[in-house]
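Every number in this text was worked out from the coordinates using simple rules, so none of it is lab data. These numbers come from a predicted model, not from an experiment. With ideal geometry, Cβ positions are generated from the backbone for all residues, glycine too; neighbour counts draw on all protein chains shown.
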Amino acid sequence: MSELQNRKKTIIDKVDVCVVGAGHAGCEAALACARLGLKTVIFTVSVDSIALMPCNPNIGGSSKGHLVRELDALGGEMGKNIDKTFIQSKMLNVSKGPAVHSLRAQADKADYSREMRKVLENQENLIIKQAEVCEILTDINEETGKKRIIGVQIFTGGVYECKAVVLCTGTYLRARCLCGEAITYTGPNGLQAANHLTECLTNLGIEMRRFKTGTPARMDKRSIDFSKMEEQFGDEKIVPFSFSTNPDDVQIDQVSCYLTYTNEKTHEIIRNNLDRSPIYAGVIEGTGPRYCPSIEDKVVKFADKERHQVFIEPEGLHTNEMYVGGMSSSLPEDVQLQMYRTVPGLENCQIVRNAYAIEYDCINPNQLYASLAFKGFDGLFAGGQFNGSSGYEEAAAQGLVAGINAAMFVKNKEPMIIDRSEGYIGVLIDDLVTKENFEPYRMMTSRSEYRLLLRQDNADLRLRKKGYEVGLISQEQYDYVCLKEKLIAEEVERLQNTKIGANKKVQEFLSKHDSASLKTAVTLAELLCRPELSYELLSEIDPDRKPLSDDVIEQVNINIKYDGYIKRQIKQVETFRKIENKKIPKDIDYDDVSSLRLEARAKLKSFQPVSVGQASRISGVSPADISVLLIYLETYYQKK
Amino acid sequence: MKTDTIAAIATAMSNSGIGVIRISGEEAVEIADKIYRSKNGKKKLSSQKTHTIHYGYIYDEDLLIDEVMVLIMRAPHSFTAEDTVEIDCHGGMLVMNKILETVIKNGARIAEPGEFTKRAFLNGRIDLTKAEAVMDLIESQNDYALKSSIDQLKGSVYGKITSFRNKIIHEIAFIESALDDPEHISLDGYPNELMQTIDQLLDEMNRMLISFQNGKVLKEGIKTVILGKPNAGKSSLLNKLLGEEKAIVTEIAGTTRDVLEQYINLDGIGIHIIDTAGIRETEDIVEKIGVDRAMKQAQEADLILYVVDSSKPLDEDDYSIMELMSSKRFIILLNKSDLNTVVSIEDLENLCKDDKDHYVIIQTSMKDETGIDQLEDAIKKYFISGKIDFNNEANITNIRHKEALSDAYESLKLVKKSIEDEMPEDFLSIDLMNAYSSLGKIIGQEVEDDLVNEIFSKFCMGK
């Protein structure tokens, strides 16, 4: 602060929106604002690091693939960018139900970053600026009493006036990297940390916390013996991430990943050196994620496991660096070398970049609304790891929502909210803003209570409309989804109403596919419900069908096969909506609601839920409190 | 808060002539139709006009339960302003409970305390002053839920339910971690393993459901406390009523040192019977605790059975017991009529002259099994005449428990079916989760972050 006070405050530009940070969240936020016609500046400490992937070299995976699909349906960029730059692709969980199928692609990291930068550079209304943002400038809105955004100030003293700010600072705020006893005060990958903004945010009354995460070592491909590992191939038929990518364009030659394992020797070295691990020695103050444990954590917490998997993944086509998935660590360099060299195939490995842990400042996301706007502010938004999440996909999804809503704010329109029944993005954001998280938040399919409806295959059907209404999806793209929806409904209805008699041809067809013969006539839909039969197979006894595209057929298949389960979930969603639609007025005074328990009153005051549904998900608010609240609201609206 | 269809017994729980079961909500008529049959079997309630009454029968599938009158009131012209059906049946707790259970089985859920009134209010049918009372009622729900779920369950049931839940959440966590991290955790051959766990759980839960039905688990009914001096024959009385040797009966005075509880069903009247330690001045610390508990139980009793050893003269201890019983309904059993009696009915009548219609005196001999029938008749008479009643709330709670347990049971059956149909594993976790949360209702626990915590603590995931 003090060193900044000497700088001359000069106004450099006047824009609509400033986006702080150009990682996965920042890129989506900035593109959304610019595409919605707003003059936008995106700030980064290094233009060379736009859309950097500082950890794993892949996009997607279980439930994260869903996020990318949804983001794409809304008009985000991540899906398109990975389709341009992937080097291996795999649909995970194909042996399981359609709800948990999830796409994951290995990225060429440098390509990914370069391609995203190209998109940003060529985006109309978007200015890229290499600078550290040190101050968020506000005044007070006389009408609402809230703090109003008026601009940002960068390290040189320059000021950008604006109406809205989206904070996407990732892991850069007061970042410090730890590799054993060696500590550097930098962001990921040795990049410059942002050391000034935290103080400003604290002064603005924002509650900060400190989280930690980590990454494994990168190794020289030439020093690895792949013959001792299992080769892992990509899928034969590649499915693109983006609904706008032509599947024919992504059938490329793929590169392999490799699987190997740790062993007792590895674990022994780790155990013997735990006192030199900054986490176990107590040097690290931040809270790390349980789902992404360092190898030290795995060895300590799962002591009975004899071995852990290690995935060796390429970082790109034009580099020898390989990522050592499964072995992130903050142990000192000498221990890392010893430990990695016990793993079959890594006996002679050369480490290019050491594994390290990183600590950074982020916020308690309970300070945000589901629009990702800060409570108590006009025009301040936040997305990504800054909100206490982890992962590129989680970041991008929030960045897009924060960006869209910053634009909606500037345009004086209603925010775009995705609820828990509409998408994983809704679950992600609701969990962040409504529940109490004490570690970096990762998406998981089990967090979604309506996951049978929120599949990656139907993200376009679920969310294209929202993207269209916001203005990020073109008329043509929206028309396509409407047509698709119609074709699916017609075909499902036809199958449900077409009877198939127990004739010879049908019985032969059934016995050919090991399916029980018919006693009486049934509908095509009933036959399709049999696990051994599919829409494609049934074509033999269903000559009248009209030709349909693969994506329509996929939906027809799923809708009929899992009809019972899907209907049950739709019913649950209806119940959920009823209470979700009961809005709580902004000027509610919880002290006026008698009979609320003290804890509930305090929680409601601090969370400011917008609906009774959201209130019911706050821990510490009981069903009885909700009843009391409902009755209060009823009298409140009656009085009006 | 849901806006689904709710049901409850609307009249007081007693063996009065007529009982009413009320159903309210969108599916009220539809549900009633599933269990109602008219005389000719053709009438459909859903095609009847509002505010009409229909004669017919209530069936649980093919089992006839009762002959009834069914009243239909369509929204908004009912107390709750929702579609409402009232089933007027022949009172009697067993019949009412059975009809309520059938209604629930067909899609309604048990109403929370005050829920009909709450709905009436929310739908604009009653005014603010009444609403205040509803608020109070709802406010008590917190305590109520806790009390009904934990206090009313014996430790062993609580432990069992918890162990079911632990097993189920472990299985879900395993499936979910495999789904989230398919390359680290494999589900090959898992459905067969799960099947064994499910079969075992279904078996145990079924046994528990049966015991719920027999009422051994439930503490519902008239709270009846057996009092008396040591060795007057209290435990023998309990055994005679139960028809089994549960209480330890010895010749040594002071054998029952704590409180024994049992449930009996006397021709449809539920009786929650509590045997106590003999009451006397004592220096023995353990026995003294028993005596104190007995006094406490007596204070909360709906009915007291006072067992007097007629072969021994009355003394100070008897007088203090009499003191304890005043203002309560009680039955005095002049026991050991097979021995030389020194206490007569008159002696006792003189002692409790003041409240004649509060008590009955019966001569009994536990040894010869005489007087037991008169005792049972006396209890029934008390009940039918409305002189004693039992705790409504406890009964509803118990049906709630049973509802939750059988929901969990049905969910596990669906899991079993999904395994047999070779459904993908992610479908299994849907019904497993339903079973888990149903069981949680019994012990008053919500799901929240259990699953995520279990996944992270039990399975090693991640990059």
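Each row is one residue, and each column tells you yes or no for (1) touching a Leu at 6+ places or on another chain (Cβ under 7 Å); (2) in a helix (DSSP H, G or I).
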position: A:Leu533; (1), (2): yes, no
position: A:Glu536; (1), (2): no, yes
position: A:Glu554; (1), (2): no, yes
position: A:Ile560; (1), (2): yes, yes
position: A:Arg568; (1), (2): no, yes
position: A:Ile579; (1), (2): no, yes
position: A:Pro585; (1), (2): no, no
position: A:Thr635; (1), (2): yes, yes
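Among the residues of the range A:194-207, write down those that are outside any helix (DSSP H, G or I) and surrounded by 15 or more Cβ atoms within 10 Å (Cβ to Cβ). Show your work before the answer.
If we filter the range A:194-207 for residues that are outside any helix (DSSP H, G or I), which is where we start, we get A:194-196, A:204-207.
Listed by number, the residues that qualify are A:Ala194, A:Asn195, A:His196, A:Leu204, A:Ile206.
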**Fill in**
Restricting attention to the range A:596-640, the residues that are more than 9 Å from chain B (Cβ to nearest Cβ), touching a residue at least 40 places away in the same chain (Cβ under 8 Å) and aliphatic (A, V, I, L, M) number exactly 4
**Prompt:** In the range A:15-46, what count of residues is obtained for those that are in contact with a Lys or Arg (Cβ under 9 Å, 6 or more places away or on another chain), farther than 14 Å from A:Lys163 by Cβ and among the aliphatic types (A, V, I, L, M)?
**Reply:** 2
**So A:Val159, is it touching a residue at least 60 places away in the same chain (Cβ under 8 Å) and either touching a Gly at 6+ places or on another chain (Cβ under 9 Å) or of a type in the set (Lys, Arg) (or both)** = yes
**Prompt:** What are the residues in the range A:208-224 that are farther than 20 Å from A:Cys55 by Cβ and surrounded by 14 or more Cβ atoms within 10 Å (Cβ to Cβ), if any?
**Reply:** A:Met208, A:Arg209, A:Ser223
**Asked** So which of A:Arg447, A:Arg530 is under 21 Å from A:His66 (Cβ atoms), among the basic types (Lys, Arg) and within 14 Å of another protein chain (Cβ to nearest Cβ)?
**Response** A:Arg447
**Message:** So, in the range A:309-321, exactly how many residues are crowded, with 21+ Cβ neighbours inside 10 Å and within 11 Å of chain B (Cβ to nearest Cβ)?
**Reply:** 3
**Request:** Among what's in the range A:402-417 and is surrounded by 24 or more Cβ atoms within 10 Å (Cβ to Cβ) and in contact (Cβ under 8 Å) with a residue 40 or more places away in the chain, pick the residue that is farthest from A:Ser448 (Cα to Cα).
**Result:** A:Ala407
**Message:** Could you check the range A:613-623 and list, in sequence order, the residues that are farther than 18 Å from A:Asp591 by Cβ and part of a helix (DSSP H, G or I)?
**Reply:** A:Gly613, A:Gln614, A:Ser616, A:Pro623
**Message:** Need the failing condition index for A:Glu124 against (1) outside any strand (DSSP E or B); (2) surrounded by 16 or more Cβ atoms within 10 Å (Cβ to Cβ), just the number.
**Reply:** (2)
**Request:** Collect the residues in the range A:589-633 that are touching a Leu at 6+ places or on another chain (Cβ under 8 Å) and either surrounded by fewer than 18 Cβ atoms within 10 Å (Cβ to Cβ) or of a type in the set (Lys, Arg) (or both), keeping them in residue-number order.
**Result:** A:Tyr590
**Fill in**
Counted residues in the range A:269-296 being acidic (Asp, Glu) and either under 24 Å from the mean Cα position of the chain (by Cα) or closer than 17 Å to A:Arg176 by Cβ (or both) come to 1
**Subset of the range A:25-51 [farther than 18 Å from A:Leu472 by Cα and assigned to a helix (DSSP H, G or I)]** = A:Val47, A:Asp48, A:Ser49
**Item:** Verdict on A:Ile279 being more than 14 Å from chain B (Cβ to nearest Cβ), within 14 Å of A:Gly214 (Cβ to Cβ) and in contact with a strand residue (DSSP E or B) (Cβ under 9 Å, 6 or more places away or on another chain)
**Value:** yes
**Fill in**
Among residues of the range A:225-247 being over 30 Å from A:Tyr480 (Cα atoms) and among the hydrophobic types (A, V, I, L, M, F, W, C), the residue surrounded by the most Cβ atoms within 10 Å (Cβ to Cβ) is A:Met229
**Prompt:** Does the range A:476-521 hold any residues that are outside any loop (DSSP other than H, G, I, E, B), polar (S, T, N, Q) and closer than 30 Å to A:Arg464 by Cβ, and which are they?
**Reply:** A:Gln477, A:Gln496, A:Asn497
**Item:** Verdict on A:Gly564 being within 11 Å of chain B (Cβ to nearest Cβ), part of a helix (DSSP H, G or I) and closer than 18 Å to A:Leu432 by Cβ
**Value:** no
**Asked** Can you find a residue in the range A:72-80 that is more than 14 Å from chain B (Cβ to nearest Cβ), part of a strand (DSSP E or B) and of a type in the set (A, V, I, L, M)?
**Response** no
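Yes/no per residue for (1) in contact with a Cys (Cβ under 9 Å, 6 or more places away or on another chain); (2) assigned to a helix (DSSP H, G or I); (3) exposed (fewer than 12 other Cβ atoms within 10 Å of the Cβ):
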position	(1), (2), (3)
B:Glu26	no, no, no
B:Val29	no, yes, no
B:Ala32	no, yes, no
B:Lys42	no, no, yes
B:Tyr57	no, no, no
B:Leu64	no, no, yes
B:Val70	no, no, no
B:Ala75	no, no, no
B:Phe79	no, no, no
